[in-house]
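A.B. asks: The structure under discussion is supplied below as structure tokens; questions concerning it will follow.
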Amino acid sequence: MTTNHIAPSFTAGVALQQALSAVGTDCTIMVNVDDLSQGPIDTQSLRRHASGWLVSYVTASRPTVWTPAYGRWDPRFIDINTPTILWFGRRSAEEVCAMLYFASAAQGRPWSFIDVTEINDYRSVSSTNPSELESLVGTHTPVDDQRSSELVTQWRKLQNENAPFRVLIGPTLASVPENYFDEILLQHTPTLPTPMSRVIAEAMSRTPSGPVADYVLMERLIALISEGKITADGNPSTMESCLISRAAE
């Protein structure tokens, strides 16, 4: 019997594709290519942006290329007769958000999950080596009705708050304002011109709430530049070649 696997991001999907190909199983992988830890997630916004999924098929150890899925959700992945397994890491806000969204979409249908967090203390599926993901195949845990309801309630709460960002504070996913990352970016922006990419890399490694994408911090740096708190030499949208420094107070 074929199995449907849900990956919380494209990077996670690629790693999972390699792992499942090595196992030699026939399956379908669907990835959510939207980072739901940032931006609006109210029902209307999600309905407007309805093309955030890619699909890959793995047959006899040969994966196919990724192709767009039609619409935000494909009912094959919550078909009652097809085993469905979601992969995630509970130390990644992006992957926890994807899991909660999936729980909402799959409400009333059976599904299972594989949590990669304890494998060498990785934070996410996307940062786990495919060979280690391979070792987890078959270790999925079914989600019962009570747990499903709890996950859906968490997602609805986040949707109602509809904050600019969602981050992990300890084990809890919390809604935070758009300036949440600003202080750590300012702390790591020196007074002498420094490559924007270096500032982002240092801030990424020291963000107390866990992993955050580089493009999220780049957008916040651009906002700080527009506010006059940081000066830029070069095009800020090209972080590899732009030099930034903290503005004099």
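The values are calculated or read from the model by the stated rules, or taken from the named source; none is laboratory data. Predicted model only: the values in this text are computed from it and were never measured. Cβ placement follows ideal geometry from the backbone for every residue including glycine, while neighbour counts extend to all protein chains displayed. All accessible areas refer to the heavy atoms of the entire protein, side chains included, with ligands and DNA or RNA removed. Shrake-Rupley method; radii C 1.70, N 1.55, O 1.52, S 1.80 Å.
A.B. asks: Rounded if a/c is under 1.5, else prolate if a/b is larger than b/c, else oblate: which is the stretch 116-163, with a ≥ b ≥ c the root eigenvalues of its Cα gyration tensor?
C.D. replies: Working: a/c = 3.85, a/b = 1.72, b/c = 2.24.
Since a/c reaches 1.5 but b/c is at least a/b, the shape of the stretch 116-163 is classed as oblate.
A.B. asks: Further question on the same structure: For the chain, what is the percent of antiparallel DSSP beta bridges, rounded to the nearest 5?
C.D. replies: In the chain, DSSP labels about 65 percent of beta bridges as antiparallel.
A.B. asks: For E183 paired with E240, estimate the spin-label separation in nm (one decimal), with each label point 7 Å from Cα along the Cα-to-Cβ line.
C.D. replies: 3.4 nm
A.B. asks: Pull up all non-local amide H partners of S9: gap of 5 or more, or a different chain, and H-to-H distance under 5 Å with H placed in the peptide plane.
C.D. replies: The answer is N32.
A.B. asks: Now, a different point. Equivalent ellipsoid semi-axes for the stretch 123-249, as square roots of 5 times the alpha carbon gyration tensor eigenvalues: give them largest first, rounded to whole Å. Before the final figure, lay out the partial values.
C.D. replies: Working: eigenvalues 249, 77, 23 Å².
Three semi-axes, in Å: 35, 20, 11.
A.B. asks: Further, regarding this structure: So between E227 and T67, what do we pick up on full extension, going 0.36 nm a residue minus the alpha carbon distance?
C.D. replies: Between E227 and T67, full extension yields an extra 53.6 nm.
A.B. asks: I'd like to check one number: the per residue accessible area of the stretch 94-249, probe 1.4 Å, reported in Å² as a whole number.
C.D. replies: Normalised by residue count, the accessible surface of the stretch 94-249 is 51 Å².
A.B. asks: Give the separation of the Cα centroids, the stretch 208-245 to the stretch 79-134, in Å.
C.D. replies: 31 Å
A.B. asks: Looking at the chain, what % of the alpha carbon pairs are farther apart than 28 Å? Write out the running numbers ahead of the final one.
C.D. replies: Working: 11648 of 30876 pairs.
Summing the P(r) of the chain above 28 Å gives 38 percent of all pairs.
A.B. asks: With label points built 7 Å along Cα→Cβ from the Cα atoms of A22 and D42, find their separation and express it in nm.
C.D. replies: My value for the distance between the label points is 4.5 nm.
A.B. asks: Pairs of alpha-carbon atoms within less than 8 angstrom and 6+ residues apart define the contacts here; what relative contact order does the stretch 178-222 have, in percent?
C.D. replies: Working: 25 pairs, mean separation 20.1, N = 45.
Answer for the stretch 178-222 is 45 percent.
A.B. asks: Students often check this: by mean Cβ neighbours within 10 Å, which of 123-135, 144-156 ranks highest, and how do the rest follow?
C.D. replies: 123-135, 144-156
A.B. asks: Further question: Based on DSSP H runs of at least 4 residues, each adding -39500 (n - 2.57), what is the mean residue ellipticity at 222 nm of the chain after dividing by all its residues, to the nearest 500 deg cm²/dmol?
C.D. replies: -10500 deg cm²/dmol
A.B. asks: Taking the Cα centre of the stretch 94-249 as the origin, how large is its charge dipole in debye, to the nearest 20, when only Lys and Arg (+1) and Asp and Glu (-1) carry charge on their Cβ atoms?
C.D. replies: About 240 debye.
A.B. asks: Quick one: pull the percent of accessible area on the chain belonging to carbon and sulfur, 1.4 Å probe, ligands and nucleic acids left out.
C.D. replies: 52 percent
A.B. asks: For I80, I184, I222, write out the residues from largest to smallest accessible area, computed with a 1.4 angstrom probe and no ligands counted.
C.D. replies: Details: I80 110, I184 25, I222 65 Å².
Of I80, I184, I222, the descending order of accessible area is I80, I222, I184.
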